[in-house]
1. Considering each residue of region 130-150, count those that are modelled with pLDDT under 85 and farther than 23 Å from residue 215 by Cβ, and give that number.
2. Can residue 158 be described as under 30 Å from residue 132 (Cβ atoms), without any contact (Cβ under 8 Å) to a residue 24 or more places away in the chain and either surrounded by 12 or more Cβ atoms within 10 Å (Cβ to Cβ) or touching an Asp or Glu at 6+ places or on another chain (Cβ under 9 Å) (or both)?
3. Have a look at 234, 200 and point out the one that is hydrophobic (A, V, I, L, M, F, W, C) and either under 22 Å from residue 104 (Cα atoms) or at pLDDT below 90 (or both).
4. Select from region 198-237 the residues that are of a type in the set (D, E, K, R), more than 18 Å from residue 177 (Cα to Cα) and part of a helix (DSSP H, G or I) and list them in ascending order.
5. Just need a number here: residues in region 164-189 that are exposed (fewer than 15 other Cβ atoms within 10 Å of the Cβ) and in contact with a Gly (Cβ under 7 Å, 6 or more places away or on another chain).
6. Within region 183-216, count every residue that is among the small types (Gly, Ala, Ser) and under 36 Å from the mean Cα position of the chain (by Cα).
7. Among residues belonging to region 190-235 that are surrounded by 13 or more Cβ atoms within 10 Å (Cβ to Cβ) and polar (S, T, N, Q), point out the one that is farthest from residue 145 (Cα to Cα).
Amino acid sequence: MIRIISVLSIILALSACKFKGNVETKIEEPQSPVISSLKDSGLPCFKCHSFDRFSQEKAGLFSHEKHKKLGIHCNTCHIIKEHKESNVNKDACNSCHNLTTFSYSSAGMPASFSHQGHSKKFGCNECHPKLFLMKKGSTKLTMDEMYKGSSCGTCHNGKKAFASTDCAKCHSKMTSFKKEIKYPSKTMSAVSFGHELHTAMFKCDDCHTKLFKYKKGGSGMKMDDLYQGKFCAACHNGQSAFSTTDCQRCHK
């Protein structure tokens, strides 16, 4: 009797296992964590990363939207390594845009800037957009700001790169100031100013823009101002240099 019961128990157990094995277990696949509106964009990065933070259109800032419409893939510009790095390829911009040497003519003297030379040493994001917007002329450049360490002066401080006070490095046409500058006068003969003579003794930032703007006639200098110790009279006070009351020294 005990043997029969044992045999029946084994048969029932085996039947239960067989029945359980025939039950289909339905496994639900996890949904793709798409959190942007670019579900069918073909850009796999945005299957997980929201495009919204990159899609803003602002003047002077890089436009992901415009580049996406041109069919440019993320890894065309970005060096992507196992989700650990997404730096911009330094050669990516220059492969489409002719970024060689720019000339800035808005200043009193035209300045030349080698974009290609800088891009070989630095990544795009080291300058754009924290120092310069991505559009020529959209960032206002002034020498005063550079002297304070802004824009070009961030690196051109005499330590990391040559100082921004070394004007001839960027303003190649400084040679035009080797001749005397003439300032006409309504009542007396024109004033002759030897720029080359003064630059041999002083640095550019000794006078510009503390005393004079970077534009001939832009400071609105008058003799009454000189008598009050302004402009030329900052030095021409009879002690550091001959006095401004010695008219024939300038009006010859």
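The values are calculated or read from the model by the stated rules, or taken from the named source; none is laboratory data. Small disclaimer: the values here were computed from a predicted structure and weren't measured. Positions of Cβ are backbone-derived with ideal geometry, glycine not excepted, and every protein chain shown enters the neighbour counts.
1. 2
2. So residue 158 fits the description; yes.
3. After applying the criteria, what remains is 200.
4. Result: 224, 225.
5. 1
6. The total comes to 1.
7. Of everything passing the filter in region 190-235, 192 is farthest from residue 145 (Cα to Cα).
Residue by residue, here is whether (1) of a type in the set (Ser, Thr, Tyr); (2) in contact with a strand residue (DSSP E or B) (Cβ under 9 Å, 6 or more places away or on another chain); (3) modelled with pLDDT under 90 holds:
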site: 165; (1), (2), (3): yes, no, yes
site: 174; (1), (2), (3): no, no, yes
site: 205; (1), (2), (3): no, no, yes
site: 239; (1), (2), (3): no, no, no
site: 242; (1), (2), (3): no, no, no
